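K.L.:
What follows is a single structure, and I will ask about it in a moment.
Only the coordinates and a few stated rules stand behind these numbers; no lab work does. All figures in this text were calculated on a predicted structure; none of them were measured in a lab. Cβ sites come from the backbone with ideal geometry, for glycine too, and all protein chains shown count toward neighbours.
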Protein chains: 2
Amino acid sequence: MAQGVTAGAFLAACRRQPVPHRPVWVMRQAGRYLPEYRAVRAKVDFETLTRTPELAAEVTLQPLRRFELDAAILFSDIMTPLQGMGVALDFAPGPHVREPIRTDAQVDALPALVPERDVPFVLDTIRLVRAGVPRGAPLIGFAGAPFTLLCYLVCGKPSKEFGPARTLLYAQPHTAERLLGRLAEAMGQYLAAQARAGAQALMLFESWAGLLAPREFTRFALPAVARTFAALRPLGVPLIYYANQGAALMPAVAGLDVDVVGVDWRCGLSEVRRMLGPGKAVQGNLDPAALFAPPAELKRHVDAVLEEAGEAPGHIFNLGHGIWPDTDPDAVARLVDYVHERR
Amino acid sequence: MAQGVTAGAFLAACRRQPVPHRPVWVMRQAGRYLPEYRAVRAKVDFETLTRTPELAAEVTLQPLRRFELDAAILFSDIMTPLQGMGVALDFAPGPHVREPIRTDAQVDALPALVPERDVPFVLDTIRLVRAGVPRGAPLIGFAGAPFTLLCYLVCGKPSKEFGPARTLLYAQPHTAERLLGRLAEAMGQYLAAQARAGAQALMLFESWAGLLAPREFTRFALPAVARTFAALRPLGVPLIYYANQGAALMPAVAGLDVDVVGVDWRCGLSEVRRMLGPGKAVQGNLDPAALFAPPAELKRHVDAVLEEAGEAPGHIFNLGHGIWPDTDPDAVARLVDYVHERR
């Protein structure tokens, strides 16, 4: 975009205010599809990268230097604060929790998170990013939503069905609620510390919302999200909730006190906006696979997302899920430029 | 259920006619959660089981002997007819296609399926089941829906994202449509032969509907399903389409000429029925994880599904997805009896 991007577009869109152009960023924009990221990762493992502020800040900023993105997002992992709470885990490459948590006693033994003490490198990364970010782009801090963290803690490793986590909800609902409460408290502390360190918007990733029936989502996952966000409201920064595979959950999410709802590519944004009502902005939702279309076709797919999003203020363009490692960076450049051109 | 189950409940519900009790069957009811199934599998591998009519009929009937289920479903695999078409694959345990199909030339080289010649053992299994089924329970024949089969053929193996299949839709849409057309034709032939052999209802499994944005679902997956079913309409048997993770796709599915739409547990049946309109029955949709709840809690979860389904004719109770191998068979007995008691 030759004219240069106005720094305020992302934050304005979060607040459903008019914007000079449609803001765009890309989930997992700091990642393996970028050769400069792979060059860093060739030297250090994933965990070291998340724990070394200079390197984490560097990879956070890489996509901002290459593309005219409207926001940066902290490079970290949703499991990082749990490590800070003493949960032993390995990245292999997905997170593997050495001792899955399935009893009240294990829940009660989880210590509170004190971010400045337990994960200072995350806060240092935020300070470094803020000091070096191009074009004054705002920085998004993030955490895993409590139910999504529960999935990993209960199952011990990534899986397709997350059977033990879903079983816990039905067989030991009170243990599940106890764990969700503990995680909500910790993630509230974690995101508040990120905001104090300089994060200008805060996002909760509910990667596994799609495992739940609407009834279980409303009983378990949503109250934990509401509790996390309630602690953050006084900070005055926009709050974003990403619910992957959440098409049928939007009527429930409509009642959540949040500024922006991010959705995956499996649902149409016009229907999502109808279900959420006018009081929330939306973020999304191009299929990451669309970046493999020929350039002219990619534009048609972007047009379709913009048409679904409509003209009302409060849309942040994004993919519906994380960008795939085998994506051509030039396709991302075309995407970002075209979204900005379309305004 | 002490009073005995009326044989016609399932077929009547498919046609949205009044029923003496709510019919119920369980996806993957012939499977690893049953000790008698595991005993058969201890003697033969999965593929041999699917290709040996006496054994395939035996495991098809096992759950009907143990529970008062309202329908049997053929024991087979969605990849079986593709093997019949000469696609080389292994079950390891999911299907692995030795040479993924990604070009027009490969699509054109796929021969037509002649079920009586290529998969006679499936038709023999159907005849054996019909001859031995308890209580006159009807038998459901099935096939994989074309897009779901495409996912395996293009990717070569099961995966979480099925990246190469989704990439094909965007990068080579005409090759994708060519393959879908070929698969629709073959599955139409396959299901017609199943009906001639004695199957009394025909079901297409769209296990990977949830990979697609509504737009791509409508362009690629749905026309192939419509084409498959169009060839079957003259047979006069109920047609069932199961769309896994299809919450946002129901408005599109509403236009499909099909008797029953099966849905997963991630959506509420009342909303599904509203979107589909009064002209379709629905099938589902208890979370398979709910079978791990204590007995009294399981009843509450069943009640919730029945309440969502409503009183209008045209609901077949089922799980929202296949039963898990570690499920207690006694929980299935309690489920079936309670659904029948509730009427």
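K.L.:
Considering all alpha-carbon pairs of segment A:9-342, what whole percent are spaced by more than 32 angstrom?
P.N.:
24
K.L.:
So which of A:Lys160/B:Lys157; A:Lys157/B:Lys43; A:Lys157/B:Lys160 end up more than 25 Å apart by C-alpha?
P.N.:
Pairs exceeding the cut-off: A:Lys157/B:Lys43.
K.L.:
Distances from A:Gln17 to the same residue in each other copy, label points 7 Å out along Cα→Cβ, in nm, shortest first?
P.N.:
Label point to label point, same position, other copies: 6.5 nm.
K.L.:
Using a cut-off of 12 Å between beta-carbons, work out the net charge of the residues near B:Lys280 (Lys and Arg +1, Asp and Glu -1, B:Lys280 not included).
P.N.:
Value of the local net charge: +2.
K.L.:
At 7 Å along Cα-to-Cβ for each site, give me the label-to-label distance between B:Asp124 and A:Glu36 in nm.
P.N.:
Result: 6.5 nm between the two label points.
K.L.:
Sketch the reach of a paramagnetic label on A:Glu47 as a point 7 Å from Cα along Cα-to-Cβ, and name the residues of segment A:146-165 whose backbone nitrogen lies under 17 Å away.
P.N.:
A:153, A:156-158
K.L.:
List the trypsin sites (Lys or Arg not before Pro) within segment A:123-231 that DSSP assigns to loop and that have no more than 12 neighbouring Cβ atoms inside 10 Å.
P.N.:
The qualifying sites are A:Lys160.
K.L.:
Moving on. Give the order of A:Asp257, B:Asp45 when sorted by the count of other beta carbons within 10 angstrom, beginning with the fewest.
P.N.:
On the way: A:Asp257 13, B:Asp45 10.
Lowest count first: B:Asp45, A:Asp257.
K.L.:
Considering only the label points, 7 Å along Cα→Cβ from Cα, what distances in nm to one decimal separate A:His174 from the same position in each other copy, shortest first?
P.N.:
Label point to label point, same position, other copies: 6.5 nm.
K.L.:
If you rank B:His174, A:His315 by fewest surrounding Cβ atoms within 10 Å, what's the result?
P.N.:
Placing the least packed residue first, the sequence is B:His174, A:His315.
K.L.:
In peptide B:212-218, what is the residue-averaged number of other protein chain Cβ atoms found within 10 Å of each Cβ?
P.N.:
6
K.L.:
Find the eigenvalues of the gyration tensor of the Cα atoms of the protein assembly as shown, then list the square roots of 5 times those eigenvalues as equivalent ellipsoid semi-axes, largest first, in whole angstrom. Walk me through the numbers before you get to the answer.
P.N.:
Details: eigenvalues 388, 163, 107 Å².
The answer is 44, 29, 23 Å, longest axis first.
K.L.:
To the nearest 20 debye, what is the magnitude of the charge dipole of chain A about its Cα centre, counting +1 on the Cβ of each Lys and Arg and -1 on the Cβ of each Asp and Glu?
P.N.:
Rounded to the nearest 20 debye, it is 360 debye.
K.L.:
Taking the Cα centre of each part, how many Å lie between segment A:272-324 and segment B:168-245?
P.N.:
28
K.L.:
By the scheme Lys and Arg +1, Asp and Glu -1, what is the net charge of all other residues having a beta-carbon under 15 Å from that of A:Phe292?
P.N.:
-2
K.L.:
Now for a separate question. Would you work out which of B:Val133, A:Ala224, A:Met85 lies farthest towards the positive end of the dipole of the protein assembly as shown? Charges go on Cβ: Lys and Arg +1, Asp and Glu -1.
P.N.:
Result: A:Ala224.
K.L.:
Here's something else I'd like to know. So how far, in whole Å, is the C-alpha centre of segment A:87-109 from the one of segment B:91-111?
P.N.:
Taking the Cα centre of segment B:91-111 as reference, the centre of segment A:87-109 is 40 Å away.
K.L.:
Another question, if that's okay. Taking 0.36 nm per residue of sequence separation and subtracting the Cα-Cα distance, how much length would be gained by fully extending the chain between A:Glu271 and A:Val114, in nm to one decimal?
P.N.:
Net length gain for the segment: 52.5 nm.
K.L.:
Find every distance from the label point of A:Thr218 to the corresponding label point in the other copies (7 Å from Cα along Cα→Cβ) and write them in nm, one decimal, shortest first.
P.N.:
Computed spacing set for this position: 2.8 nm.
K.L.:
Cross-link partners among lysines for A:Lys280, C-alpha distance below 28 Å, same-chain residues fewer than 8 apart left out?
P.N.:
A:Lys299
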